[in-house]
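Asks: Can you read through this structure? Questions will come right after.
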Amino acid sequence: MSVVVARAEPFREFDEFYAANYQGLCLQLLVYLGDLAEAQDVVQEAFCRALKKWQQIGAYDEPGAWVRRVAWNLAIHRFRRQGTVTRFLRRQRLEVVPGPDPTRVALIAALATLPPNHRRAVVLHHMVQLSIAEIAQQEDVAEGTVKSWLSRGRAALAAQLDQEA
């Protein structure tokens, strides 16, 4: 029973230490980082590191100074990393890509209505430029089957695109 009490005592000390120092340290780092969530993350990380070494750190004259130093080091690291990311993003060129033209949108929508094997055959033949023999080999079907898929796919596409026009 005394072992359990002896083990619980350091954690009670840590809990009291945490409660007394957490908010003030968060406020300091909030002002530095400008983001409450970032400040809380940094302070939590510092306290987690202190908890791992609490037997040693709890014996210091000012354990709060240790936690404060760790928290500030973490904050400085995050602040520098954020600056690096910001500088990198500023150097990137903004590339404006025009949206797809209406014809392309209509074609994609019409292709989506085809059965999968017809759609695959049309795409592979007309867009990927595969021959009927290459498609037949890839799909493991007879060339006549590919021809049938292409014929039916083209007919369905023509009907779909005529309705939209």
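The values are calculated or read from the model by the stated rules, or taken from the named source; none is laboratory data. Since the structure is predicted, the reported quantities are computational estimates derived from the model, not experimental observations. Here the Cβ is made from the backbone with ideal geometry for all residues, glycine too, and neighbour counts use every protein chain on show. Accessible surface areas use protein heavy atoms only, side chains included; no ligands, DNA or RNA. Shrake-Rupley method; radii C 1.70, N 1.55, O 1.52, S 1.80 Å.
Asks: Considering the dipole of the chain built from charges on the beta carbon (Lys and Arg +1, Asp and Glu -1) around the Cα centre, which of V43, A112, I76 is farthest to its positive end?
Replies: Looking along the dipole axis, the top candidate is I76.
Asks: What shape does region 48-112 take by its C-alpha gyration tensor, where a ≥ b ≥ c are the square roots of the eigenvalues and a/c under 1.5 counts as rounded, a/b above b/c as prolate, and the rest as oblate?
Replies: Verdict is oblate for region 48-112.
Asks: Another question, then. Once R0 is set to 25 Å, what does the formula 1/(1 + (r/R0)^6) return for the Cβ-Cβ distance between I76 and L36, expressed as a FRET efficiency to the nearest 0.05?
Replies: Result of the calculation: an efficiency of 0.90.
Asks: Something else now. Taking a probe of 1.4 Å, how large is the accessible area per residue of region 1-160, in Å²?
Replies: 70 Å²
Asks: Using +1 on the beta carbon of Lys and Arg, -1 on that of Asp and Glu, and nothing else charged, what's the dipole of region 8-165 about the Cα centre, debye to 20?
Replies: 560 debye
Asks: Rg (Å, one decimal) plus Dmax (Å, integer) for the alpha carbons of region 3-85?
Replies: Over region 3-85's Cα set, Rg and Dmax evaluate to 14.0, 50 Å.
Asks: Work out the P(r) tail for the chain: percent of alpha carbon pairs separated by more than 21 Å, whole number.
Replies: So the pairs more than 21 Å apart make up 69 percent of the total in the chain.
Asks: Further question on the same structure: Using a 1.4 angstrom probe on heavy atoms only, work out the carbon and sulfur share of the accessible area of the chain in %.
Replies: That share works out to 56 percent.
Asks: If you don't mind, another one. Counting other Cβ atoms within 10 Å, which chymotrypsin sites (Phe, Trp or Tyr not before Pro) in region 9-83 have at most 16 and lie in a DSSP loop?
Replies: Taking region 9-83 and a limit of 16 other Cβ atoms within 10 Å, the loop chymotrypsin sites (Phe, Trp or Tyr not before Pro) found are Y60.
Asks: Also: Counting each DSSP H run of 4 or more residues in the chain as -39500 (n - 2.57), what helix-only mean residue ellipticity at 222 nm follows after dividing by all residues, to the nearest 500 deg cm²/dmol?
Replies: One gets -26000 deg cm²/dmol as the mean residue ellipticity at 222 nm.
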